[in-house]
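Worksheet: the structure to be examined is printed underneath.
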Amino acid sequence: MWIIPELAPNETRQQSKLDRFFDHQTKAQALVRESIQNSLDAEVSREKPVRISFSFNKITKDSLEEYFKGEDHSLEKHLKSCGISLPSKAQRCLVIEDFNTEGLTGPINNMSYDEHENPVSGNFIGFWWSEGLSDKRKGSGGSHGVGKITLSTSSNINTFFAHTIRQENPEGLLIGYSQLKYHSFAKRQFKGYARYGKKSENEQIWPYDDKENQKILEKIRNDFNLKRTNETGLSVIIPSIDDEINFNSVIESVLKEFYVPLMRGQLQVEVYDFKKELIIDTENVISVSNEYLESAIDRELITNAKEMLDLLDSGIPYTVDGTGLGKIRKRGIVKEDFDKVDLEKMQTNFASGKMVGATIPVKVKTQNQDTGQEEIKSSRFHLFVKNDEQSELKRSTHYIRDKLLINNEGGGIIKPFSVAFLYVTDEELSDFLKYAEDPGHERWVYKTLYENGSFKEEDDTPLRLIKSSVSDFYNILAGVAEDQKIENVLPEIFTIPERKTGGKKGATSSDPDPDPKSHSSSPFVFSKIMGGFKVKQSRDIEMLFDSGLIEIPFRIKIETGYYKTTGGGISKYNPLDFDLSDTTQFEITSESTEAIARVENTLLVEVTGKKFSVTVVGFDENRDLEIRCLLIEPEVA
């Protein structure tokens with residue numbers, strides 16, 4: 001039966017916001033990423049790959065309706081109240097099954113407590129009961145319980161079922177979930193979700209099980225053609241799958257998101273669609289990519305990833321002297337960290353277009369799982385950079401934590417290059433970085449790390465080092481001098497302070513285009529808008545073009561910071577204030593410009609036309625903002 005909770009008199013009407021973390025991905029990418037990530041986390045044996053099957057099939061209209069209609073506890077009327085109708089014909093469905101996995105382990109009772117009277121979590125509770133809460137299991141890839149949102153929104157009827165056989169108990173369990181909206185009918189108000197299961201006398205919801213509900217489990221296994229018999233693992237059933245999710249889009253998403261575990265023999269993916277089938281594993285990743293990836297850039301990335309992994313497996317000959325790292329929080333990697341002979345070899349290889357790799361040691365704060373005591377552990381990560389002038393890849397930077405791509409981290413490299421990888425293989429550092437990830441596991445956020453509770457600002461050195469290391473490593477390889485990095489500007493640094501408008505903080509300027517004469521020495525015009533600012537060309541920039549001081553294309557570095565009671569703005573920036581790389585908070589629109597990097601309080605853009613503008617929105621409207629624009633010297637860019 002479906003159980004749809006009613007809103008109690010004093011409860012808030014609310015909607016889930018977690019689905020916004022997947023707005024920038026296709027539905028196939030979001031589904032494949034979430035499904036495979038969870039399966040890799042549940043690996044049983046490292047001696048063989050985790051095997052995941054994506055099987056498309058059909059279910060008749062009548063068979064599908066049996067799961068939604070009924071006199072009591074019908075989900076159909078709730079779907080209709082949310083503007084969703086049951087299909088009027090047979091439907092495509094997708095079944096996702098994993099093998100060599102442990103299934104949804106842990107307590108199934110949401111009201112379980114430990115000996116200290118703290119709520120107990122686990123895979124089952126995290127999957128079925130949690131939303132937006134971090135499951136801090138050591139060694140896992142994910143931690144925020146957003147799977148239900150991704151699975152639900154992949155269905156045209158916002159619904160999925162899950163059948164699991166658990167390593168701790170061979171008895172099969174069946175659950176279901178439907179992502180609704182806050183809704184009402186017949187003078188009753190309901191929360192924005194429904195669960196499929198059985199209700200006990202004390203109103204507790206339980207999964208159906210093979211022991212007492214064998215016919216129900218047998219029916220769903222037969223209706224949706226599940227492959228699982230008695231193997232442990234999880235089978236997810238998505239009825240009325242979205243048309244964007246199909247044989248080709250699943251294959252494309254698998255290749256783009258999980259080329260590393262596929263190449264390393266940690267993952268095997270099978271895709272079935274009626275008469276078509278394909279198995280992707282370590283032996284054929286390159287050939288399948290060449291056949292199914294339309295973009296030459298995507299295909300070349302897979303080839304470069306293989307080169308990176310081969311270099312790692314052969315033994316990276318270069319590493320830094322870690323004695324200086326971490327002693328100064330913002331120090332980063334410098335050329336003096338490398339042996340002089342090694343440095344010369346790396347720079348020579350880089351100049352010739354070869355991929356160059358290095359291992360970077362780092363210390364991380366951890367917690368002993370047995371004693372609960374804090375410990376400092378030695379860890380490491382690997383850097384790889386390549387600049388092949390013949391390559392189709394341009395400024396392609398990729399961060400990999402264990403088996404998972406972190407897609408929205410920016411490299412911050414100014415000069416053109418082809419490809420860069422940062423690869424974290426060490427478990428201690430991987431666990432540390434997991435705590436800093438946003439719910440979509442798309443980027444590392446200082447604020448998220450601090451909110452964990454176990455970490456303070458002085459503990460963030462590994463994250464700061466990682467965020468700057470790709471750019472630092474490139475600068476070392478390319479021989480970029482300290483005074484030629486991103487701070488190197490034209491003879492005059494054009495600083496555009498916030499235009500004072502009077503009145504209360506956060507007031508919006510009524511003049512969207514201030515008189516350029518008020519900033520006659522600047523090539524930029526700054527205007528404040530609600531929740532942000534706009535930067536555009538001034539009339540004076542024509543003189544720079546005419547004199548040949550700058551040419552198209554050129555770059556602008558934009559720095560930002562909130563004014564504080566202690567003064568400053570940019571100089572007092574704290575990652576807790578904001579992070580421009582947060583695509584869920586900040587919206588950037590532009591004319592004749594392209595954002596090259598978004599890191600903390602800094603935006604780097606490339607200008608491609610004489611008439612240009614950059615607009616950034618997402619700042620706190622009640623705080624004053626300092627903006628500084630720096631024109632990057634053309635030959636450095």
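Only one of the numbered conditions (1) farther than 18 Å from D579 by Cβ; (2) modelled with pLDDT of 85 or more; (3) not polar (S, T, N, Q) is violated by R464, and that is (1). Being open to solvent by 10 Å² or more (accessible area, probe 1.4 Å), among the polar types (S, T, N, Q), in a loop (DSSP other than H, G, I, E, B) and within 17 Å of D243 (Cβ to Cβ), is that true of even one residue in segment 72-89? Among the residues of segment 72-89, at least one is open to solvent by 10 Å² or more (accessible area, probe 1.4 Å), among the polar types (S, T, N, Q), in a loop (DSSP other than H, G, I, E, B) and within 17 Å of D243 (Cβ to Cβ), which makes the answer yes.
The test for being surrounded by 15 or more Cβ atoms within 10 Å (Cβ to Cβ), in contact with a Leu (Cβ under 9 Å, 6 or more places away or on another chain), modelled with pLDDT of 90 or more and among the basic types (K, R) holds for R299. Only one of the listed residues (K227, K211) is touching a residue at least 24 places away in the same chain (Cβ under 8 Å), farther than 24 Å from S178 by Cα and open to solvent by 60 Å² or more (accessible area, probe 1.4 Å). That residue is K211. As a summary of the residue check, K447 satisfies the conditions (1) surrounded by fewer than 20 Cβ atoms within 10 Å (Cβ to Cβ); (2) in contact with a Gly (Cβ under 6 Å, 6 or more places away or on another chain) except for the one numbered (2).
Residues that are in a strand (DSSP E or B) and either at negative phi or of a type in the set (S, T, Y) (or both): does segment 145-154 have at least one? Scanning segment 145-154 turns up no residue that is in a strand (DSSP E or B) and either at negative phi or of a type in the set (S, T, Y) (or both).
Of everything listed in (1) at pLDDT 90 or above; (2) open to solvent by 40 Å² or more (accessible area, probe 1.4 Å), the single unmet condition for K394 is (1). For segment 607-614, check the following and say yes or no: at least one residue is under 21 Å from the mean Cα position of the chain (by Cα) and under 15 Å from V535 (Cβ atoms). No, segment 607-614 has no match at all.
If you check T159 against the conditions, is it closer than 13 Å to H78 by Cα, under 33 Å from the mean Cα position of the chain (by Cα) and either surrounded by 22 or more Cβ atoms within 10 Å (Cβ to Cβ) or without any contact (Cβ under 8 Å) to a residue 12 or more places away in the chain (or both)? In short, yes.
So, of the residues in segment 377-391 that are in a loop (DSSP other than H, G, I, E, B), of a type in the set (S, T, N, Q) and surrounded by fewer than 19 Cβ atoms within 10 Å (Cβ to Cβ), which turns out to be nearest to the chain's Cα centre (by Cα)? Going through the qualifying residues, I end up with S391. Does segment 6-23 contain at least one residue that is assigned to a loop (DSSP other than H, G, I, E, B), at pLDDT below 85, of a type outside the set (K, R) and closer than 23 Å to R401 by Cα? Looking through segment 6-23, at least one residue is assigned to a loop (DSSP other than H, G, I, E, B), at pLDDT below 85, of a type outside the set (K, R) and closer than 23 Å to R401 by Cα. Total residues in segment 343-376 satisfying the condition of being open to solvent by 40 Å² or more (accessible area, probe 1.4 Å), modelled with pLDDT of 85 or more, not in a strand (DSSP E or B) and not aliphatic (A, V, I, L, M): the figure is 7.
Of the residues making up segment 252-279, those that are over 22 Å from I406 (Cβ atoms), in contact with an Asp or Glu (Cβ under 9 Å, 6 or more places away or on another chain) and either crowded, with 17+ Cβ neighbours inside 10 Å or of a type in the set (D, E, K, R) (or both) are Q268, E270, V271, E277, L278. Can you tell me which residues in segment 113-142 are part of a loop (DSSP other than H, G, I, E, B), small (G, A, S) and at pLDDT 75 or above? G122, the sole residue that qualifies.
Residues of segment 230-250 that are buried (at least 23 other Cβ atoms within 10 Å of the Cβ) and either assigned to a helix (DSSP H, G or I) or without any contact (Cβ under 8 Å) to a residue 12 or more places away in the chain (or both): V250 alone.
The values are calculated or read from the model by the stated rules, or taken from the named source; none is laboratory data. Since the model is a prediction, treat every value here as computed from it, not as a measurement. Here Cβ is always computed from backbone atoms with ideal geometry, including for glycine, and neighbour counts include all displayed protein chains. Ligands, DNA and RNA are excluded from the accessible area calculation, which covers all protein heavy atoms including side chains. Shrake-Rupley method; radii C 1.70, N 1.55, O 1.52, S 1.80 Å.
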